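Okay, structure first, notes after.
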Amino acid sequence: MKLPFLKKKEEKKEVVFQNVKSQQGFTLENQDRKVTDFRDVDIEDYLADMFVTPDQFVILTAPEPQYKIRYVQACTHDGEIEVELGIEEEGTRLHYKMCSEEECCRIFLEFYDNTFLPEMAEYKPVEF
């Protein structure tokens, strides 16, 4: 017998986003600004600000996908750092993992240098 006042838990689903258009060079952004002329030290500064300020995010977008990764983005949740990869395959899907400040910086800088090859088994699909 089903009780009428008990609702089935909503199932979360992986969402497919539209692919990002090709662009000239990388873009680096947070909630305050978006820049196209920057260096690796600027990426480190954006991340350092995110690590200490609540409700911050950082997104680094490549001109074209690198090993199917179009962008990396990070934010903090209750003192933990979540890094998400925008994987382009018939749309863009997000995959995430929790990591340290050091690993987050390494991921962003390797992505910027086109040397980032993630172990996808460490990442889980983002569900909404």
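The values are calculated or read from the model by the stated rules, or taken from the named source; none is laboratory data. All values derive from a computational prediction rather than experimental measurement. All Cβ positions, even for glycine, are placed from backbone atoms using ideal geometry, and neighbour counts span all protein chains on display. With ligands, DNA and RNA removed, areas are computed over all heavy atoms of the protein, side chains included. Shrake-Rupley method; radii C 1.70, N 1.55, O 1.52, S 1.80 Å.
In this view, the solvent-accessible surface of residue 124, computed with a 1.4 Å probe and all protein chains in place, comes to about 120 Å². Kindly express, to the nearest 10 degrees and within the range 0 to 90, the angle between helix 40-52's C-alpha long axis and the longest C-alpha principal axis of the chain. On a 0 to 90 degree scale, this one is about 40.
From the protein chains alone at 1.4 Å, what is the descending order of accessible area for 33, 39, largest first? Don't skip to the answer; put the middle values down first.
Numbers: 33 120, 39 155 Å².
Largest accessible area first, the list is 39, 33.
The lysine pair tally for the chain, using Cα distances under 27 Å and a gap of 8 or more places or different chains, is 22. Using the Cβ-Cβ distance between residue 89 and residue 31 with R0 set to 22 Å, the FRET efficiency from 1/(1 + (r/R0)^6) comes to roughly 0.20.
Sorting 120, 50 by accessible area puts them as 120, 50; the probe is 1.4 Å, largest comes first, and only protein heavy atoms count.
With axes computed from alpha carbons, what is the tilt in degrees of helix 101-112 against the longest principal axis of the chain, rounded to the nearest 10 within 0 to 90? So the inclination is approximately 60 degrees.
For Cα pairs less than 8 Å apart in space and 6+ apart in sequence, what is the mean separation divided by the residue count of the stretch 4-128, i.e. the relative contact order in percent? Please report the intermediate quantities before stating the final value.
Values: 203 pairs, mean separation 31.0, N = 125.
So the answer I get is 25 percent.
Read through the labelled values (1) 15.7; (2) 17.2; (3) 21.9 and report the label of the one computed as Kirkwood radius over Cα pairs in Å from the structure. The value matching this structure is (1).
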